[in-house]
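K.L.:
I am attaching a structure below and will ask some questions about it afterwards.
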């Protein structure tokens, strides 16, 4: 927010937000796939 006062919102989002979206989406998808597989590997079904 502070930086946007000097360079504008487009520059702030372009430098500090948009570049990380692809990597974050990839990590979320990877965790979505690997977490259930990991629980199966260690023998926990998620049931209490």
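K.L.:
Please give the contour-minus-distance gain from residue 15 to residue 31: 0.36 nm per residue of separation, less the Cα-Cα distance, rounded to one decimal in nm. Don't skip to the answer; put the middle values down first.
P.N.:
Numbers: separation 16, 0.36 × 16 = 5.76 nm, distance 2.56 nm.
My answer for the length gained is 3.2 nm.
K.L.:
Now a separate question. Could I have the simple spin-label model distance between residue 3 and residue 40, label points 7 Å from Cα toward Cβ, reported in nm to one decimal?
P.N.:
About 4.2 nm separates the two model spin labels.
Each value in this text was obtained by applying a stated rule to the coordinates, not by laboratory testing. Small disclaimer: the values here were computed from a predicted structure and weren't measured. Positions of Cβ are backbone-derived with ideal geometry, glycine not excepted, and every protein chain shown enters the neighbour counts.
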